[in-house]
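Here's the structure, in structure tokens; my notes come after.
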Amino acid sequence: MPDIDEEIRDTSKGMTSIVKTVVRFALGIIVIFGAYIVLYGHLTPGGGFAGGVILACGYIVLTLAFGRQIALRKMNNKAASILDTSGVLAFLAIGLLGYTGGYFFLNFLGRGKMFDLVSAGTIPLCNIAIGLKVTASLFAIFLALSIFGRFISSLVDEDE
Amino acid sequence: MEIYLLILLIFMIIGSIIAIEAKSLLSSVISVGVVGFSLSIAFLMLGAPDIAITQVVVEVLILVILIRATITMDNTAIEGGGGTFPFVVSLVFFGLFLVFSFFAVQEIPKFGEPLMRVSERYLRTSAEETGATNVVTGILLDFRGYDTVGEATVLFTAIVGAFGILRRRGRKKKTEEDAEKVGILEDEDIKKDFEGF
């Protein structure tokens, strides 16, 4: 397997070097913004779903700019399936843990101080679980459409 | 405020008509994007930043996937228009829809004056009962957590379906038993299938 730095500099894969340079700067900002939307979902507008879609967009930008070999090394479809499933199960587990206090989806953790990052009990945990799930599942759908599908022919033909 | 919203809505209607009528597939995809982004501005003007963020982000994702799909398609031009019969049928059904919606719309509460039965209590007590300062998240993940589980299940089912339909080949290898079970294969086909063994 070739070195990842060599593979990034390989000009025959992905888009032109202009796009690659811009993506290299923008990708970190996209991912940080997505993580911010997920983690601060209980304080500011946003939440698990919106932040998860932003994170998935980051992965899709990576796939489109650098070709799918680089993106698959970050998250392949098996990892995406596992993350997707574990996100759902974590969300359900948080809901079921509410039975320790009486009923489904009871906010059993302490409320904390308002406007703190760690507050509102289980809500930030639910946001993280949903964010994980949405990131993995939307990227998995993109992979399914681009790799398994036939209509995006240029991505399929890359290594066949 | 309301006049801006009306202008935006008319703009969206024009965009969707262009999306239907455009000859090239790429321009109709772009018109769909125009409608989506206008919708997010409308949400923002109505004071719903949560939905506005989600709308923008989902629209970007869908546009990327759709443009990627349409650019690489060979035949992107739509050939031939519909005949007169489909046009008349759709006109009749649209008229029926307008008549029924005229009666239905009179029953729902006026624009900007919601009923506020349960939601009033949610808005009043959400911050102290859930501890979340974002009321929308408080309602989604605390008061209505059960609904959110349903949404997550819908998304999960969609992924499973996409993976099941779009994968390139089945996981199970063909065996001799399968050939017997199917029964409709000709002898030459079975021979062809098992040539590699």
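Just a yes or no: is a residue in region B:165-181 open to solvent by less than 100 Å² (accessible area, probe 1.4 Å), modelled with pLDDT under 80, closer than 30 Å to residue A:92 by Cβ and within 14 Å of chain A (Cβ to nearest Cβ)? Can you show your working first?
Filtering region B:165-181 down to residues open to solvent by less than 100 Å² (accessible area, probe 1.4 Å) leaves B:166, B:168, B:170, B:175, B:178-179.
Going one step further and asking which of them are modelled with pLDDT under 80, we end up with B:166, B:168, B:170, B:175, B:178-179.
Filter once more, keeping what is closer than 30 Å to residue A:92 by Cβ: B:166, B:170.
Add one more test, that the residue is within 14 Å of chain A (Cβ to nearest Cβ), and what stays is B:166, B:170.
Yes - at least one qualifying residue is present in region B:165-181.
Residue by residue through region B:119-134, note down the ones that are more than 10 Å from every other protein chain (Cβ to nearest Cβ) and either open to solvent by less than 50 Å² (accessible area, probe 1.4 Å) or of a type in the set (Phe, Trp, Tyr) (or both).
Listed by number, the residues that qualify are B:119, B:122, B:125, B:126.
Looking at residue B:53 and the list (1) touching a Gly at 6+ places or on another chain (Cβ under 7 Å); (2) hydrophobic (A, V, I, L, M, F, W, C); (3) open to solvent by 50 Å² or more (accessible area, probe 1.4 Å), which single condition is not satisfied?
All conditions pass for residue B:53, except number (3).
Would you confirm whether or not region A:54-72 contains a residue that is open to solvent by 50 Å² or more (accessible area, probe 1.4 Å) and modelled with pLDDT under 75?
For region A:54-72, residues open to solvent by 50 Å² or more (accessible area, probe 1.4 Å) and modelled with pLDDT under 75: present.
Quick one: in region A:34-49, of everything that is farther than 15 Å from residue B:60 by Cα and assigned to a helix (DSSP H, G or I), which residue is farthest from the other protein chains (Cβ to nearest Cβ)?
Taking the candidates together, the pick is A:35.
Which numbered condition trips up residue A:115, out of (1) open to solvent by 60 Å² or more (accessible area, probe 1.4 Å); (2) more than 9 Å from chain B (Cβ to nearest Cβ)?
Going through (1) open to solvent by 60 Å² or more (accessible area, probe 1.4 Å); (2) more than 9 Å from chain B (Cβ to nearest Cβ) one by one, residue A:115 breaks only (2).
Restricting the first residue to region A:105-121 and requiring it to be under 16 Å from residue A:40 (Cβ atoms), which pairs with a second residue that is of a type in the set (D, E, K, R) and exposed (fewer than 14 other Cβ atoms within 10 Å of the Cβ) meet a Cβ separation below 9 Å and a spacing of at least six or different chains?
Matching pairs, first to second residue: A:114/B:128; A:119/A:113.
Does at least one position in region B:96-109 carry a residue that is at pLDDT 80 or above, exposed (fewer than 12 other Cβ atoms within 10 Å of the Cβ), more than 10 Å from chain A (Cβ to nearest Cβ) and within 29 Å of residue A:41 (Cβ to Cβ)?
Checked region B:96-109: no residue is at pLDDT 80 or above, exposed (fewer than 12 other Cβ atoms within 10 Å of the Cβ), more than 10 Å from chain A (Cβ to nearest Cβ) and within 29 Å of residue A:41 (Cβ to Cβ).
Does residue B:20 satisfy being within 14 Å of chain A (Cβ to nearest Cβ) and open to solvent by 50 Å² or more (accessible area, probe 1.4 Å)?
Values: within 14 Å of chain A (Cβ to nearest Cβ): no; open to solvent by 50 Å² or more (accessible area, probe 1.4 Å): yes.
For residue B:20, the condition - within 14 Å of chain A (Cβ to nearest Cβ) and open to solvent by 50 Å² or more (accessible area, probe 1.4 Å) - is not met.
Identify the residue in region A:118-145 that is farther than 18 Å from residue A:50 by Cα and more than 7 Å from every other protein chain (Cβ to nearest Cβ) and, among all such residues, is modelled with the highest pLDDT. Walk me through how you get there before you give the answer.
Step one: list which residues in region A:118-145 are farther than 18 Å from residue A:50 by Cα, which gives A:118-122, A:143-145.
After this cut, where a residue has to be more than 7 Å from every other protein chain (Cβ to nearest Cβ) as well, the list is A:118, A:122, A:143.
On the way: A:118: 75, A:122: 80, A:143: 77.
Of everything passing the filter in region A:118-145, A:122 is modelled with the highest pLDDT.
When region B:140-154 is examined, which residues are found to be open to solvent by 40 Å² or more (accessible area, probe 1.4 Å), aliphatic (A, V, I, L, M) and at pLDDT below 85?
B:140
The values are calculated or read from the model by the stated rules, or taken from the named source; none is laboratory data. None of these values were measured; they are calculated from a predicted model. Positions of Cβ are generated from backbone atoms using ideal geometry, with glycine treated the same way; all protein chains shown enter the neighbour counts. Note: accessible area is taken over every heavy atom of the protein model, side chains too, but ligands, DNA and RNA are not part of it. Shrake-Rupley method; radii C 1.70, N 1.55, O 1.52, S 1.80 Å.
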